[in-house]
Amino acid sequence: MEEREVTFIVKRFYRNEWREDRYEFKAVRGMTVLDGLFHIRDNIDPSLSFRASCRMGICGSCGMVINGKAMLACSTQIFDLGTDVVRIEPLRNMEALKDLISDFDDFFEKHRRVKPYLIRKEEKSIEEGEYIQTPDELRKYRQYSLCIKCGLCYDACSITGSNKEYLGPAALASACRFIMDSRDQGEDERIPLVSDHTGCWRCHFMAECSEVCPKEVDPADAIQKLKRKALIYSLKRLFRR
Amino acid sequence: MEEMHTKKVLEPVWWFFQIITGILLLVLVSLHLYVTHFASEKALDYSSVIGRLSSPGFKVLYAVLLLAVVYHGINGMRAIFLDLTMSDVTKRIVNILSLIVALLLFGYGVYLLANIG
């Protein structure tokens, strides 16, 4: 099996101080960056902290910056990086808690703010059955519902870095997912939330969020759709007054 | 239910006009470059410039170009400033200053256009 000596340079945060530690070990073909981190923790430095859970790109726990780009460590093969030196940092645009662990409180608070659930003007009773949807209606928003809340888009977005109030790509994509859902009737509640200074107008369509998204949710596309929806909604409001 | 405030209603409209003026700029700047660089070798001579700007058609064309440039530029700058974390008061100051600067630039440009020729 192919083996290679690799160096992991890990940017670590502990007790309000940043430092970089270097770890050298033999990586084998097929080893992911997450496997490398587990190897370091189990064999070299047990104090190294990072988040991980499913190890198969589903849970979104192991998002981190690998060689300057936000990626899921479990979905990134060390040999595919094209270098023997791997620089790893915690996600930017979030407070670091310890080593590679970032604080997602703000990220999830923004997600909560866009009301990520079906809003009905009148709820049907269980006896009346489910809300029916055609496959075409499902296809309109399905892509946006694949988000695993890994925070990579939040890291990649430069506006999230400059404006702490900005909702960010994940929350806006989630808002779009519900606005485009034929079963949802919460447009009057949700569009005002995403259409102010902290919402979709801050996005300049650099599309880096879509570039790093491991699930191809394409938040940048969702935000442009939100802009169109907000414009039509606003024009209707203006003429209704 | 949160009522949509007028400012929130207008924000999408500013964005819409940003796109409209962007498209307009593409057409008008191309036309301007064609007239000043390709249509005639003497297009940039003083007499040619004054002659062109004396014609009512060019005056209207340049007034529209000026409006598009001022709107697109100032609204773009405003959007960049609003990308920074700031208080509501500072946001209001940015909005008011943008409006004042835009009106001053457009007013001065129109004044010059009206007095040429």
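The values are calculated or read from the model by the stated rules, or taken from the named source; none is laboratory data. For clarity, every value in this text was computed on a predicted model and none was experimentally measured. Methodologically, a virtual Cβ is constructed for each residue, glycine included, from the backbone with ideal geometry; neighbour enumeration extends over all protein chains shown. Side chains are part of the model used for accessible areas, which takes the heavy atoms of the whole protein and leaves out ligands, DNA and RNA. Shrake-Rupley method; radii C 1.70, N 1.55, O 1.52, S 1.80 Å.
Among the candidates A:181, A:155, the residue that is part of a helix (DSSP H, G or I), open to solvent by less than 20 Å² (accessible area, probe 1.4 Å) and touching a residue at least 24 places away in the same chain (Cβ under 8 Å) is uniquely A:155. When the test is whether a residue is open to solvent by 30 Å² or more (accessible area, probe 1.4 Å) and over 29 Å from residue A:52 (Cα atoms), residue A:143 does not pass it.
For the stretch A:6-31, how many residues meet the condition of being open to solvent by 90 Å² or more (accessible area, probe 1.4 Å) and either on the phi > 0 side of the Ramachandran plot or outside the structural domain of residue A:75 (by TED's automatic domain parsing) (or both)?
2
All of (1) under 22 Å from residue A:228 (Cα atoms); (2) modelled with pLDDT under 95; (3) more than 21 Å from the chain's Cα centre (by Cα) hold for residue A:124 with one exception: (1).
Taken over the stretch A:204-230, the residue count meeting the criterion of being part of a loop (DSSP other than H, G, I, E, B), crowded, with 22+ Cβ neighbours inside 10 Å and within 10 Å of chain B (Cβ to nearest Cβ) is 0.
Apart from one condition, residue A:189 fits all of (1) in a helix (DSSP H, G or I); (2) under 29 Å from residue B:22 (Cα atoms); (3) open to solvent by 10 Å² or more (accessible area, probe 1.4 Å); (4) within 14 Å of another protein chain (Cβ to nearest Cβ); the exception is (2). Selection of first residues in the stretch A:32-55 that are open to solvent by less than 80 Å² (accessible area, probe 1.4 Å) and of second residues that are in a helix (DSSP H, G or I), restricted to Cβ pairs under 6 Å at least 6 apart or on distinct chains, gives the following pairs, ordered by first then second residue: A:32/A:74; A:33/A:73; A:34/A:73; A:34/A:74; A:48/A:40; A:48/A:41; A:50/A:37; A:52/A:34. Do you know which residues across the stretch A:55-109 are part of a helix (DSSP H, G or I) and under 16 Å from the mean Cα position of the chain (by Cα)? Listed by number, the residues that qualify are A:73, A:74, A:75, A:105, A:106, A:107, A:108, A:109.
Identify the residue in the stretch A:158-178 that is surrounded by 19 or more Cβ atoms within 10 Å (Cβ to Cβ) and within 9 Å of chain B (Cβ to nearest Cβ) and, among all such residues, is farthest from residue A:216 (Cα to Cα). Reasoning before the result, please.
Pass one, the stretch A:158-178, residues surrounded by 19 or more Cβ atoms within 10 Å (Cβ to Cβ): A:159-160, A:163, A:166-178.
Going one step further and asking which of them are within 9 Å of chain B (Cβ to nearest Cβ), we end up with A:159, A:163, A:166.
Details: A:159: 20, A:163: 25, A:166: 22 Å.
Among those residues, the one meeting the criterion is A:163.
Being open to solvent by less than 20 Å² (accessible area, probe 1.4 Å), within 14 Å of chain B (Cβ to nearest Cβ) and not in a helix (DSSP H, G or I): is that true of residue A:233 here? No, not satisfied.
Residues that are among the small types (Gly, Ala, Ser) and more than 19 Å from residue B:78 (Cβ to Cβ) within the stretch A:157-184 comprise A:161, A:168, A:170, A:171, A:173, A:174, A:175, A:182, listed in sequence order. Here is a check on your reading of the model: is residue A:118 of a type in the set (A, V, I, L, M), open to solvent by 30 Å² or more (accessible area, probe 1.4 Å) and assigned to a loop (DSSP other than H, G, I, E, B)? It is true that residue A:118 is of a type in the set (A, V, I, L, M), open to solvent by 30 Å² or more (accessible area, probe 1.4 Å) and assigned to a loop (DSSP other than H, G, I, E, B). Checked against the criteria, residue A:137 does not count as open to solvent by 40 Å² or more (accessible area, probe 1.4 Å), among the charged types (D, E, K, R) and either in a loop (DSSP other than H, G, I, E, B) or modelled with pLDDT under 95 (or both). Of the helices (runs of 4 or more DSSP H) that lie entirely inside the stretch B:1-106, those containing 3 or more residues that are within 14 Å of chain A (Cβ to nearest Cβ) and exposed (fewer than 15 other Cβ atoms within 10 Å of the Cβ) span B:6-33.
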